[in-house]
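Remarks on the structure that follows.
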């Protein structure tokens with residue numbers, strides 16, 4: 001039953017949360033003993049679930065359950081076990097534990113250990129789930145998603161997508177330790193990292209369950225959503241330059257105050273975001289020079305983070321906000337330098353997998369699944385270059401993530417268990433239907 | 001002639017500007033050899049002007065010209081020769097050099113050296129200026145006005161005003177040098193600093209000529225103004241606390257962005273200042289936490305510097321801006337902590353000296369003198385506690401000060417020379433009139 005399977009997932013998430021580099025906070029960086037311990041635990045659970053496990057040279061852990069015959073393309077389910085600093089217990093582990101749960105449910109091997117079938121479990125349903133699939137299942141733990149230690153992110157999925165660059169071996173962490181040394185600490189072979197790339201024919205697709213990290217599901221009163229895309233992202237810097245001056249002697253109408261220009265622009269950025277077409281726009285950094293109580297600010301540097309599911313809409317918004325900065329600056333006798341640092345395209349999620357996931361959620365929850373764009377990046381972004389990708393969002397309390405207060409209810413985990421069950425069934429039926437055609 | 005006397009003042013300002021602690025920048029801190037050199041030069045000029053010089057224990061330099069009989073109360077003219085870092089040549093030296101010029105003109109002793117009377121100088125005018133005054137004249141160089149080195153300002157005039165506190169001897173500069181050691185370096189005796197206090201009966205009043213450090217005279221096309229007060233000043237800090245969050249996943253309408261609250265408030269501060277009743281209001285500091293491009297600001301700390309000639313108006317403005325911060329915070333689901341650090345009352349300038357200065361400016365320039373409140377602090381603030389104070393503002397280019405670009409025209413220096421001549425004459429006539437009554 002999905003509630004018992006969910007209880008096991010909740011217990012396992014708690015067990016993983018005890019594995020940390022730090023006392024009193026959950027932190028697992030790539031290459032740390034804490035991450036190795038978490039991977040060893042996940043590998044034990046995979047084996048108990050009847051999966052054949054292996055690790056590639058970057059340290060990705062893969063548990064495989066063959067389908068009707070060996071060597072079929074795999075539906076890969078999973079997430080990551082590395083964390084941010086002082087993390088919560090669900091960002092990553094939720095997708096990993098749901099993947100192991102799904103594989104266990106399909107192999108049946110796990111039932112005898114932790115998740116004994118209860119008396120009222122319909123034997124036909126269990127038997128149905130254990131019938132071999134027309135594809136392999138892989139439960140995947142990517143070795144480094146958060147990029148906390150090295151100046152890189154999605155390291156594990158980059159390797160899968162064939163985007164590994166050996167020059168990255170020389171990257172160093174804050175203590176000067178190279179990525180090469182960290183790969184060895186993970187038990188990997190730095191010279192063979194590139195061999196972890198997956199041949200497109202090996203994969204049927206990717207599906208990751210993840211906490212929403214937002215409040216849209218909570219506000220809608222629903223447990224699950226289908227992710228439509230990872231929003232494209234622009235990052236820019238607006239540097240306003242006015243004239244520093246004496247706060248007591250400079251008349252109000254003779255000032256060229258850089259901070260006020262930046263403040264007016266930041267409110268314009270907010271207004272653009274609130275205009276309602278799905279844009280999220282944030283001024284996260286603002287610094288002022290000289291930054292003295294009694295000196296009119298001469299320089300103000302403001303950052304912009306802008307995201308939207310549609311790249312053209314996002315590009316138009318960037319142009320509009322750059323023009324707004326110029327107009328505000330001009331009206332205040334201030335200049336503005338505009339720099340764009342990042343222009344990441346939106347990620348194309350598989351329409352087919354979205355459709356099947358949506359059907360699965362609707363059938364198991366009784367409500368149509370909201371379609372949500374992801375504001376945060378995930379391994380699906382690099383993976384989308386080599387296979388069909390999909391994600392299932394699970395409601396989290398208050399939208400809080402990257403924080404010890406991350407919280408997912410047992411009922412919502414159970415809803416996810418049931419939805420993934422149904423999704424795999426639907427995909428199996430669809431694959432068989434294609435095979436018959 | 002005032003133009004020749006002005007030329008000498010311009011030349012002496014240039015000579016003083018060559019005395020610096022730093023190569024390529026003008027900096028003279030209290031206790032530095034550069035300041036000692038500048039004081040030695042000023043003392044030489046005073047002696048050449050026929051003044052009897054002395055230094056008190058804090059290092060203030062006083063040159064005295066007796067009046068009709070020895071020991072009369074003195075009209076003290078002067079300013080300071082310490083500077084800010086990378087200073088201009090006029091903030092301080094202008095008032096010192098005009099004071100020495102005035103004393104020289106009254107004693108006649110300086111004429112034979114640098115400022116030979118020209119052929120077309122009316123001998124009766126010169127003779128008139130040299131007639132003994134019904135008060136003494138003192139040319140004063142305060143030893144430390146800017147407070148660049150130690151956490152104190154107006155040190156020299158505090159001593160004059162009897163506000164010296166021996167506990168300040170333990171104050172240290174950035175290198176750990178005590179004020180006590182710096183006083184010894186100035187040639188002073190730390191144990192006798194308090195003896196520098198001036199008995200109120202010793203002084204008739206204080207008059208300081210100073211660059212305006214603003215653009216009101218420049219915009220009015222006039223060289224001189226009479227100062228009415230030093231504005232009172234409030235300093236406050238508003239700390240806005242919202243909720244940090246993910247810039248990609250947090251919906252625009254679910255945010256509690258501390259920076260946007262601070263930005264809206266900073267624009268409200270500006271609007272209050274622009275409302276036109278003479279208030280100057282500045283947000284000079286704004287810092288944001290966590291200050292990451294992709295994180296919604298959870299905390300924003302903004303400073304407020306608020307000045308007005310009328311204390312009640314200033315207090316009402318502080319209350320109004322505190323209420324505005326609360327209202328903005330409440331409308332955004334943010335809290336605000338309000339702290340007031342400074343509440344300096346406006347300085348009462350002598351109505352009598354203002355009146356005489358205004359008459360002198362009008363008679364010598366042919367235009368009524370603007371009455372201006374000083375936005376910056378000056379030695380007149382502490383001195384106002386023990387004697388009548390007045391100040392004459394001289395137009396400076398672009399309002400620029402505390403900057404190597406400080407600039408005063410020779411014509412405006414000449415206008416100041418003539419106005420001070422006339423001011424001393426008018427004060428002498430007024431004193432004689434009182435004596436006759």
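The values are calculated or read from the model by the stated rules, or taken from the named source; none is laboratory data. Treat the numbers as computed from the prediction; the structure is a model and nothing was measured. Positions of Cβ are generated from backbone atoms using ideal geometry, with glycine treated the same way; all protein chains shown enter the neighbour counts.
The criterion of being out of contact with any strand residue (DSSP E or B) (no Cβ under 6 Å at 6 or more places or on another chain), free of Cβ contacts under 8 Å to residues at least 40 places away in the same chain and crowded, with 18+ Cβ neighbours inside 10 Å holds for residue B:179. At least 1 residues being without any contact (Cβ under 8 Å) to a residue 60 or more places away in the chain and touching a strand residue (DSSP E or B) at 6+ places or on another chain (Cβ under 9 Å) is the threshold, and among the strands (runs of 3 or more DSSP E) wholly inside region A:42-99 those reaching it are A:52-55. Taking region B:1-41, which residues are without any contact (Cβ under 8 Å) to a residue 40 or more places away in the chain and assigned to a helix (DSSP H, G or I)? Across region B:1-41, the qualifying residues are B:11, B:15, B:33, B:34, B:37, B:40, B:41. Scanning region A:266-277 for residues that are touching a helix residue (DSSP H, G or I) at 6+ places or on another chain (Cβ under 8 Å) and more than 7 Å from chain B (Cβ to nearest Cβ) yields A:268, A:269, A:272, A:277. Among the conditions (1) modelled with pLDDT of 95 or more; (2) over 30 Å from residue B:263 (Cα atoms), the only one that residue B:173 does not satisfy is (1). Please state which of the following conditions residue B:208 fails to meet, knowing it meets all the rest: (1) in the same structural domain as residue B:280 (by TED's automatic domain parsing); (2) surrounded by 20 or more Cβ atoms within 10 Å (Cβ to Cβ). The failed condition is (1). Criterion first (buried (at least 18 other Cβ atoms within 10 Å of the Cβ) and either farther than 23 Å from residue A:209 by Cβ or modelled with pLDDT under 90 (or both)) does residue A:128 satisfy it? No.
Regarding region B:216-228, can at least one residue be identified that is outside the structural domain of residue B:273 (by TED's automatic domain parsing), assigned to a loop (DSSP other than H, G, I, E, B) and touching a residue at least 40 places away in the same chain (Cβ under 8 Å)? Scanning region B:216-228 turns up at least one residue that is outside the structural domain of residue B:273 (by TED's automatic domain parsing), assigned to a loop (DSSP other than H, G, I, E, B) and touching a residue at least 40 places away in the same chain (Cβ under 8 Å). In the condition set (1) in a helix (DSSP H, G or I); (2) surrounded by 24 or more Cβ atoms within 10 Å (Cβ to Cβ), residue B:268 is compliant with all but (2). The residues of region B:148-163 that are free of Cβ contacts under 8 Å to residues at least 60 places away in the same chain and either under 30 Å from residue B:429 (Cβ atoms) or touching a helix residue (DSSP H, G or I) at 6+ places or on another chain (Cβ under 8 Å) (or both) amount to a single one, B:152. Tell me, please, whether a residue that is within 18 Å of residue B:297 (Cβ to Cβ), over 27 Å from the mean Cα position of the chain (by Cα) and surrounded by 18 or more Cβ atoms within 10 Å (Cβ to Cβ) can be found in region A:292-300. Yes, some residue in region A:292-300 is within 18 Å of residue B:297 (Cβ to Cβ), over 27 Å from the mean Cα position of the chain (by Cα) and surrounded by 18 or more Cβ atoms within 10 Å (Cβ to Cβ). For residue B:433, the test of being within 27 Å of residue A:245 (Cβ to Cβ) and either part of a loop (DSSP other than H, G, I, E, B) or modelled with pLDDT under 95 (or both) is failed.
Checked against the criterion of being modelled with pLDDT of 95 or more and under 23 Å from residue B:91 (Cα atoms), region B:328-346 contains one or more residues that satisfy it. Within region B:232-265, the set of residues being in a loop (DSSP other than H, G, I, E, B), over 23 Å from residue A:236 (Cα atoms) and at the interface with another protein chain (Cβ under 8 Å from one of its Cβ atoms) is empty. The sole residue among B:280, B:288, B:226 that is within 9 Å of chain A (Cβ to nearest Cβ), under 27 Å from residue B:315 (Cα atoms), in contact with a strand residue (DSSP E or B) (Cβ under 9 Å, 6 or more places away or on another chain) and crowded, with 23+ Cβ neighbours inside 10 Å is B:280.
Residues in region B:292-338 that are farther than 27 Å from residue B:376 by Cα and away from chain A (no Cβ under 14 Å): B:326, B:327, B:329, B:330, B:335, B:336, B:337.
Tallying residues that are more than 30 Å from residue B:216 (Cβ to Cβ) and either modelled with pLDDT of 95 or more or assigned to a loop (DSSP other than H, G, I, E, B) (or both) within region B:271-295 yields 7. Within region B:378-423, track down each residue that is under 18 Å from residue B:220 (Cα atoms) and within 14 Å of chain A (Cβ to nearest Cβ). B:393, B:394, B:395, B:396, B:397, B:398, B:399, B:400, listed by residue number. Taking the conditions exactly as written (closer than 20 Å to residue B:260 by Cβ, in contact with a helix residue (DSSP H, G or I) (Cβ under 8 Å, 6 or more places away or on another chain) and within 14 Å of chain B (Cβ to nearest Cβ)), does residue A:372 satisfy them or not? Considered against the rule, which asks whether it is closer than 20 Å to residue B:260 by Cβ, in contact with a helix residue (DSSP H, G or I) (Cβ under 8 Å, 6 or more places away or on another chain) and within 14 Å of chain B (Cβ to nearest Cβ), residue A:372 comes out as no.
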